[in-house]
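Everything on this sheet refers to the single structure shown next.
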Amino acid sequence: MTTQETGAAGEKIAALYLSSHGYDIRECNVHFRKLEIDIVAYDRALSMMVFVEVKTRGTHSAAYPIHSAVDARKKKNMRKAVTRWVNLHRYEGCGRIDVLSVCHGKVVEHIKDLGSDFY
C-alpha cells in the first residue's frame, strides 16, 4: 500500500470513529493550496466544529508518541487552514483542533484540543 493509500484508509477509519462518537462529518480532505484539513466534523455534544488531523501508522509505539508527529510547523499550518475554512464558511461558532492516531485498522489515540487558541 502506498503512503497515500495508507493515509486515505486511516482517514476513513477516523471518520467512522468520529461518527460513532457523536460527531457529524462535514467535509474530508479540505485543501487550500498546500494546506489541508483531513476531517471537518461537528461535535454535537459540545456544539462546536472540530478540525481533525489524522496520523496513520503501521505500528503504535510509546517511543514515537503522536505528539511528535504534529510538530510546531504542522500546528501552524493547521491553524492557517482552519482560519481559511472559518473565513470561507463564515463560521462564527466555537471550534478546536484534534489529532487522531490510527494503527492496525483502529483509532488508538484521540487528542482533543491541540492548541486551538485562536478561538
Looking only at the stretch 40-49, filter to residues that are free of Cβ contacts under 8 Å to residues at least 40 places away in the same chain and under 17 Å from residue 88 (Cβ atoms); which one of those is farthest from the chain's Cα centre (by Cα)?
42
Only residues in the stretch 1-23 that are at positive phi count as the first member; pair them with residues that are among the small types (Gly, Ala, Ser) and outside any helix (DSSP H, G or I), Cβ under 6 angstrom, at least 6 apart or cross-chain, and list the lot.
22/45
Taking the condition modelled with pLDDT under 95, touching a Ser or Thr at 6+ places or on another chain (Cβ under 9 Å) and farther than 16 Å from residue 111 by Cα, does residue 59 pass?
no
Considering only residues that are more than 18 Å from residue 106 (Cβ to Cβ) and either touching a Pro at 6+ places or on another chain (Cβ under 7 Å) or assigned to a helix (DSSP H, G or I) (or both), which ones fall in the stretch 4-49?
4
Under 7 Å between Cβ atoms, which residue pairs at least 6 apart in sequence (or on different chains) link something in the stretch 50-61 that is in a loop (DSSP other than H, G, I, E, B) and surrounded by fewer than 23 Cβ atoms within 10 Å (Cβ to Cβ) with a partner that is at pLDDT 70 or above and of a type in the set (A, V, I, L, M)?
60/108
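Let's see how each residue does on (1) at pLDDT 95 or above; (2) of a type in the set (D, E, K, R):
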| site | (1), (2) |
| --- | --- |
| 1 | no, no |
| 7 | no, no |
| 13 | yes, no |
| 17 | yes, no |
| 25 | yes, no |
| 28 | yes, no |
| 34 | no, yes |
| 41 | yes, no |
If a residue has to be under 21 Å from residue 35 (Cα atoms), of a type in the set (Gly, Ala, Ser) and part of a loop (DSSP other than H, G, I, E, B) to count, how many in the stretch 101-115 make the cut?
1
Need the failing condition index for residue 103 against (1) surrounded by fewer than 16 Cβ atoms within 10 Å (Cβ to Cβ); (2) modelled with pLDDT under 90, just the number.
(1)
Of the residues in the stretch 62-100, those that are among the hydroxyl-bearing types (Ser, Thr, Tyr), in a helix (DSSP H, G or I) and either at pLDDT 90 or above or surrounded by 13 or more Cβ atoms within 10 Å (Cβ to Cβ) (or both) come to 83
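The values are calculated or read from the model by the stated rules, or taken from the named source; none is laboratory data. This is a predicted model, so every value here is computed, not measured. Quick reminder, even Gly has a Cβ in these numbers, built from the backbone with ideal geometry, and neighbours come from all protein chains shown.
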